[in-house]
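To start, the structure under review is shown below, and the notes come after it.
Just so it is clear, none of the values below were taken in a lab; they were calculated from the coordinates. Worth saying up front: this structure is predicted, and the values here are computed from it rather than measured. Because the Cβ atoms are built from the backbone with ideal geometry, glycine has one as well, and the counts that use them run over all protein chains shown.
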């Protein structure tokens, strides 16, 4: 199962159909996530993890967000990637890389 932001739901549904996975389920989280606070990201990850109903409650769900910056932006102290994991019950861990 995948996690998709609301902005890309129709694209994800189309891609699933094209690849022969019509009806593929994915969790949906608010868009955009780039301006969300750390706390909001934790809440989104916890909610997305709950959507994976077929998984046992202690199963881990991992979401990685790759961050892209423009050449002119000062990236000092900013992560290239944020990895969040949550068990389906909603306990969330985050790591910046």
key: Tally of residues being under 16 Å from the mean Cα position of the chain (by Cα) and under 18 Å from residue 24 (Cβ atoms) across the stretch 54-76   = 2
note = Filtering the stretch 20-29 down to residues that are touching a helix residue (DSSP H, G or I) at 6+ places or on another chain (Cβ under 8 Å) and more than 20 Å from residue 67 (Cα to Cα) yields 22, 23, 24, 26, 27
inquiry  = Within the stretch 30-42, take every residue that is within 13 Å of the chain's Cα centre (by Cα) and without any contact (Cβ under 8 Å) to a residue 24 or more places away in the chain and give me the one that is farthest from residue 67 (Cα to Cα).
reply    = 40
key: Matching residues in the stretch 1-27 - criterion: being without any contact (Cβ under 8 Å) to a residue 40 or more places away in the chain and outside any helix (DSSP H, G or I)   = 2, 4, 5, 19, 20, 21, 22, 23, 24, 25, 26, 27
